[in-house]
Number of protein chains: 2
Amino acid sequence: MSKKDEKGISISKEKDFSKWYTELIQKADLADYTKVSGCIVFKPKSFAMWEKVMELVNQRIKKLNVKNVYFPLFIPEEYLSKEATHVEGFTPEVAWVTHAGKTKLNERLAIRPTSETIMYPSFSKWIRSYKDLPLKYNQWSNVVRWEFNNPVPFFRTREFLFNEGHTVFATQKEAEAEGPKIIDIYKDILENYMALPNFFGKKTEREKFAGAEYTWSLECYLPNGKAIQGPDFHHDGQIFAKAYDIKFIDKDEKEKYVWQNTWAISTRMLGVMFAMHSDDKGLILPPKMADEKIGIIPILFEDSKKKVLAEAKKIKKILNKYGVFIDDREEYTPGWKFNEIEMSGTPLRIEIGPRDLLKKEVVVVKRNTSKKYTIKISQLTKEIPKLLDEMQNELYEKAEKLLKSNIVKTDNYKDIIKLIKNKKLILAPMCINEECEDQLKDKTTAKVINIPLEQPSLENKKCIICNKQADYIGYIGKSY
Amino acid sequence: MSKKDEKGISISKEKDFSKWYTELIQKADLADYTKVSGCIVFKPKSFAMWEKVMELVNQRIKKLNVKNVYFPLFIPEEYLSKEATHVEGFTPEVAWVTHAGKTKLNERLAIRPTSETIMYPSFSKWIRSYKDLPLKYNQWSNVVRWEFNNPVPFFRTREFLFNEGHTVFATQKEAEAEGPKIIDIYKDILENYMALPNFFGKKTEREKFAGAEYTWSLECYLPNGKAIQGPDFHHDGQIFAKAYDIKFIDKDEKEKYVWQNTWAISTRMLGVMFAMHSDDKGLILPPKMADEKIGIIPILFEDSKKKVLAEAKKIKKILNKYGVFIDDREEYTPGWKFNEIEMSGTPLRIEIGPRDLLKKEVVVVKRNTSKKYTIKISQLTKEIPKLLDEMQNELYEKAEKLLKSNIVKTDNYKDIIKLIKNKKLILAPMCINEECEDQLKDKTTAKVINIPLEQPSLENKKCIICNKQADYIGYIGKSY
């Protein structure tokens with residue numbers, strides 16, 4: 001018996017999101033576990049989507065003249081320790097290599113949790129003059145952060161895949177000007193491909209990247225009421241430049257420290273996409289992210305089988321650029337195949353039987369709404385792209401409605417606990433005192449997710465924790 | 001001062017190949033070292049070529065219906081140890097993770113030296129029925145093999161990048177039928193893109209992949225007289241299937257072990273390509289592997305600068321599909337720029353000055369021969385692709401001549417030592433006795449590289465070591 005015989009998700013998304021999600025991941029054949037705790041196998045379907053993300057990012061950063069490189073997986077302990085905040089942020093979760101074969105290493109090696117500390121000593125060596133700047137490198141890599149909390153497939157795994165952009169500039173102005181360009185790239189991919197609405201802002205000092213001057217993030221709001229951090233952009237100022245001695249002789253013949261940025265999108269976003277759109281019947285994918293957008297299920301009877309299959313093949317040929325497969329297995333019933341194709345996340349399913357054939361039409365079913373469309377075969381090349389676009393938009397709009405309808409503004413601390421309990425994303429005034437951030441977390445288990453760059457007037461706005469003058473209005477909520 | 005000011009390779013390829021090669025790698029900006037011994041940084045130029053190789057392989061294996069996946073970097077010690085030959089082959093050079101943060105792990109984890117042992121427990125779980133077969137997966141990954149010998153950039157590094165194809169079949173016949181298809185793919189990429197002639201054959205029992213029934217390899221012959229193993233195909237038979245319990249219920253309802261293959265091409269091939277074609281002036285690249293195939297160097301004088309630059313830009317536009325850059329820096333002399341572009345490996349350089357402009361022509365210089373061609377600007381779109389093709393072929397033919405002119409046949413042991421000293425690749429008869437292989441190695445420092453599948457008659461052929469009946473005629477030589 002094939003594994004594929006175990007069908008259906010046993011728990012509803014609304015009742016128990018976590019259980020629903022982990023079942024979805026396995027039953028829709030996206031990932032699996034191994035004996036290595038906290039790590040997952042990316043199965044062909046999810047890895048193809050990661051390849052799609054890589055392609056989209058590569059196309060876009062190439063236009064910014066960013067070059068792909070590859071640095072070693074290993075980081076000597078001495079390198080990792082040079083920037084104090086960075087080392088503090090990352091060493092608690094670093095995996096250490098201590099032996100090679102039977103030989104104990106003189107200096108233990110960290111598996112990169114991110115590559116600043118292995119790249120920047122090289123940058124220090126390579127960069128001499130203003131002529132060497134800007135230097136814009138990117139790397140696609142596997143990184144390890146040894147989570148001791150409960151790992152969740154894609155959302156939080158001990159090994160994950162990401163891009164890490166590392167760019168170096170002669171001036172702060174140039175470095176900071178890169179931020180909006182990178183955010184636009186990530187926003188485009190999230191919104192127009194993954195159908196993921198998001199909210200943008202600056203992280204608090206507490207929550208920013210270890211070693212950055214400031215961090216900008218795109219965040220998503222999941223159906224379980226939790227925010228989850230998506231792609232981010234870190235302006236590192238001269239912090240790493242000073243720790244790793246990255247200097248250049250400028251046009252004025254003076255020696256200066258460089259200005260740096262780092263930015264990333266990770267495989268976590270695949271999980272966000274799966275979790276956002278899917279339902280109790282299985283996976284729902286934005287058509288633009290699905291390799292195979294159409295599955296044809298011919299309804300086979302002995303006397304008409306040949307004709308129906310021939311027509312299915314013709315339709316496959318006509319629509320081939322959308323990625324089409326025909327499920328012509330005879331050992332399964334059409335009903336069983338419908339269930340399977342719904343689990344698999346194929347955006348459109350085409351049903352064709354002998355009666356349809358007589359009328360020269362087919363039934364097309366849109367995965368997200370289960371709505372059926374009877375379409376003349378001659379109209380398919382016109383109607384199919386419309387349905388795919390429609391579905392892409394519907395997924396975005398549904399997720400956007402979820403996000404917008406759950407944002408609540410309040411100036412009142414008393415509301416916060418109740419709103420958090422009700423899984424809301426709150427916009428509320430806070431001050432920059434880190435103790436207030438700590439108190440918020442202790443009392444509500446929520447945190448400041450990020451702070452919109454454009455702020456309304458803060459006149460008369462008081463910090464919801466200490467009641468003193470507020471410094472910003474930020475998004476507050478529970479978070480992964 | 002920019003690093004780019006240090007020009008030229010100080011040692012000739014013929015005099016000291018090793019030193020020449022390591023200088024080439026750094027001065028042509030292909031790779032650099034870090035403090036992590038035995039690992040290299042892939043700089044943009046070499047990484048772009050690896051991306052090209054990945055693209056070529058992906059296009060081709062997709063047609064064989066192979067799907068890309070990603071398995072964890074870590075392998076639990078228990079998994080690594082299941083197949084005796086495999087563990088014996090790899091554990092001496094495995095890097096071990098023993099700690100995460102401050103916590104000692106219960107079971108230490110190997111960094112994958114190759115992924116059989118982490119993939120196959122999953123295969124055992126996933127494969128139930130003949131309907132699940134064939135299963136054809138491929139992974140692009142970084143692997144670590146802790147070489148204790150002198151590492152050489154690209155040729156032999158402690159971390160390297162490769163594809164690892166892992167395919168599973170219901171019958172031995174199907175599994176073995178995959179071999180020639182995979183070898184054809186690799187051969188096509190080596191010969192038609194990297195301009196690398198090679199010789200194909202089966203590895204001896206001693207030299208085959210640890211865990212395989214047999215290994216086929218494509219091997220190259222380097223200008224220093226050493227053979228170097230290129231891409232390979234391993235037929236694993238049922239060895240791993242039995243060790244990892246990978247079974248399926250066949251159509252006849254009987255439970256059977258599966259049949260498996262693995263196959264790989266690694267970043268080593270980049271090094272072989274650099275070493276094969278380049279000369280004392282720097283890098284030479286097969287045009288098909290160079291992103292930027294043409295560099296335009298305008299000869300700038302104050303009075304004609306504007307016109308010359310405008311024409312250079314027009315030419316760039318016309319030829320843009322070949323990847324063109326204009327070196328319009330005024331702080332360097334044309335002569336300096338010629339040296340730089342020769343070091344960089346750009347296949348064609350176009351020189352254009354005011355006098356050329358008057359005659360509506362340019363000078364094109366082919367990197368491999370330094371031959372100059374005066375070409376009418378109106379003829380460029382016709383002549384440039386011809387020159388690129390010509391250069392691609394010339395590089396292959398030169399390397400092929402090197403290979404062919406160094407293959408020597410002998411039946412006589414007395415010749416071997418001298419031939420090895422003269423860096424020849426020898427075709428000689430041997431028997432399958434492993435002691436003979438050991439003796440060959442001890443006495444000559446050479447080994448059996450591989451054995452052509454098509455063998456001539458072995459009548460009256462005696463093993464060059466023991467003088468008993470020979471079992472094959474194989475390639476013998478020094479090797480990386």
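The values are calculated or read from the model by the stated rules, or taken from the named source; none is laboratory data. Note that the structure is a prediction, hence the values are computed from the model and not measured. Glycine gets a Cβ as well: all are built from the backbone with ideal geometry, and neighbour counts include every protein chain shown. Ligands, DNA and RNA are stripped out before the accessible areas are found, and what is left, the full protein with its side chains, is counted by its heavy atoms. Shrake-Rupley method; radii C 1.70, N 1.55, O 1.52, S 1.80 Å.
Results, tabulated for the structure shown:
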{"quantity": "Residue check, residue B:293 under 33 Å from the mean Cα position of the chain (by Cα) and modelled with pLDDT of 95 or more", "calculated": "yes"}
{"quantity": "Qualifying residue in region B:318-331 (condition: open to solvent by 70 Å² or more (accessible area, probe 1.4 Å), among the β-branched types (Val, Ile, Thr) and modelled with pLDDT of 95 or more)", "calculated": "yes"}
{"quantity": "Those residues of region B:233-247 which are touching a strand residue (DSSP E or B) at 6+ places or on another chain (Cβ under 6 Å), buried (at least 21 other Cβ atoms within 10 Å of the Cβ) and outside any helix (DSSP H, G or I), in sequence order", "calculated": "B:233, B:234, B:235, B:236"}
{"quantity": "Top-ranked residue of region B:201-215 - restricted to ones that are outside any loop (DSSP other than H, G, I, E, B) and free of Cβ contacts under 8 Å to residues at least 60 places away in the same chain, ranked as surrounded by the most Cβ atoms within 10 Å (Cβ to Cβ)", "calculated": "B:215"}
{"quantity": "Of residues in region B:216-231 being of a type in the set (S, T, N, Q) and open to solvent by less than 40 Å² (accessible area, probe 1.4 Å), the one modelled with the lowest pLDDT", "calculated": "B:224"}
{"quantity": "Given (1) under 25 Å from residue B:403 (Cα atoms); (2) outside any loop (DSSP other than H, G, I, E, B); (3) acidic (Asp, Glu); (4) open to solvent by 70 Å² or more (accessible area, probe 1.4 Å), index of the condition residue B:437 fails", "calculated": "(4)"}
{"quantity": "Residue under evaluation residue B:173, criteria (1) without any contact (Cβ under 8 Å) to a residue 12 or more places away in the chain; (2) farther than 29 Å from residue B:246 by Cβ, criterion not met", "calculated": "(2)"}
{"quantity": "Check on residue B:161, buried (at least 22 other Cβ atoms within 10 Å of the Cβ) and touching a residue at least 60 places away in the same chain (Cβ under 8 Å)", "calculated": "no"}
{"quantity": "Residue check, residue B:17 farther than 30 Å from residue A:104 by Cα and among the aromatic types (Phe, Trp, Tyr)", "calculated": "yes"}
{"quantity": "Condition met for residue A:369 (open to solvent by 40 Å² or more (accessible area, probe 1.4 Å), in a loop (DSSP other than H, G, I, E, B), of a type outside the set (Gly, Ala, Ser) and within 16 Å of residue A:388 (Cβ to Cβ))", "calculated": "yes"}
{"quantity": "Complete set of residues in region B:248-276 that are open to solvent by 10 Å² or more (accessible area, probe 1.4 Å) and touching a residue at least 40 places away in the same chain (Cβ under 8 Å)", "calculated": "B:249, B:250, B:251, B:256, B:259, B:264, B:266, B:268, B:276"}
{"quantity": "Failed item, numbered, when residue B:106 is tested on (1) in contact (Cβ under 8 Å) with a residue 40 or more places away in the chain; (2) within 11 Å of chain A (Cβ to nearest Cβ); (3) outside any helix (DSSP H, G or I)", "calculated": "(1)"}
{"quantity": "Filter result for residue A:178 (in contact (Cβ under 8 Å) with a residue 60 or more places away in the chain and more than 10 Å from chain B (Cβ to nearest Cβ))", "calculated": "yes"}
{"quantity": "Filtered residue count, region B:169-200, keeping only those that are closer than 13 Å to residue B:235 by Cβ and open to solvent by less than 20 Å² (accessible area, probe 1.4 Å)", "calculated": "6"}
{"quantity": "Any chance residue A:329 is outside any helix (DSSP H, G or I) and of a type in the set (Lys, Arg)", "calculated": "yes"}
{"quantity": "Subset of region B:59-80 [within 15 Å of residue A:43 (Cα to Cα) and among the hydroxyl-bearing types (Ser, Thr, Tyr)]", "calculated": "B:70"}
{"quantity": "Conditions (1) open to solvent by 10 Å² or more (accessible area, probe 1.4 Å); (2) within 19 Å of residue B:142 (Cα to Cα); number of the one not met by residue B:10", "calculated": "(2)"}
{"quantity": "So residue B:163, is it in contact with a helix residue (DSSP H, G or I) (Cβ under 7 Å, 6 or more places away or on another chain), within 14 Å of chain A (Cβ to nearest Cβ) and assigned to a strand (DSSP E or B)", "calculated": "yes"}
{"quantity": "Selection count where residues are among the polar types (S, T, N, Q) and more than 10 Å from chain B (Cβ to nearest Cβ), scope region A:109-132", "calculated": "4"}
{"quantity": "First in region A:231-245 and within 8 Å of residue A:257 (Cβ to Cβ), second anywhere and open to solvent by 40 Å² or more (accessible area, probe 1.4 Å), Cβ under 8 Å, 6 or more apart", "calculated": "A:238/A:257; A:238/A:259; A:241/A:247; A:241/A:257; A:241/A:259; A:242/A:257"}
{"quantity": "Residue identified as part of a strand (DSSP E or B) and over 24 Å from residue A:187 (Cα atoms) among A:295, A:230", "calculated": "A:295"}
{"quantity": "Count of residues meeting criterion [open to solvent by 30 Å² or more (accessible area, probe 1.4 Å) and not in a loop (DSSP other than H, G, I, E, B)] in region B:144-158", "calculated": "1"}
{"quantity": "Residue in region B:419-432 that is part of a loop (DSSP other than H, G, I, E, B), farther than 25 Å from residue B:224 by Cβ and not aliphatic (A, V, I, L, M) present", "calculated": "yes"}
{"quantity": "Filtered residues of region B:65-86 (kept if at pLDDT 95 or above and either open to solvent by 40 Å² or more (accessible area, probe 1.4 Å) or hydroxyl-bearing (Ser, Thr, Tyr) (or both))", "calculated": "B:65, B:67, B:70"}
{"quantity": "Exclusive hit being over 21 Å from residue B:282 (Cβ atoms), free of Cβ contacts under 8 Å to residues at least 40 places away in the same chain and open to solvent by 50 Å² or more (accessible area, probe 1.4 Å), set B:419, B:358", "calculated": "B:358"}
{"quantity": "Every residue from region B:140-160 that is hydrophobic (A, V, I, L, M, F, W, C), within 14 Å of chain A (Cβ to nearest Cβ) and farther than 22 Å from residue B:97 by Cα", "calculated": "B:154"}
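Table: residues versus (1) modelled with pLDDT of 95 or more; (2) under 19 Å from residue B:341 (Cβ atoms); (3) surrounded by 19 or more Cβ atoms within 10 Å (Cβ to Cβ); (4) over 15 Å from the mean Cα position of the chain (by Cα).
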{"site": "B:21", "(1), (2), (3), (4)": "yes, no, yes, yes"}
{"site": "B:27", "(1), (2), (3), (4)": "yes, yes, yes, yes"}
{"site": "B:37", "(1), (2), (3), (4)": "no, no, no, yes"}
{"site": "B:51", "(1), (2), (3), (4)": "yes, no, no, no"}
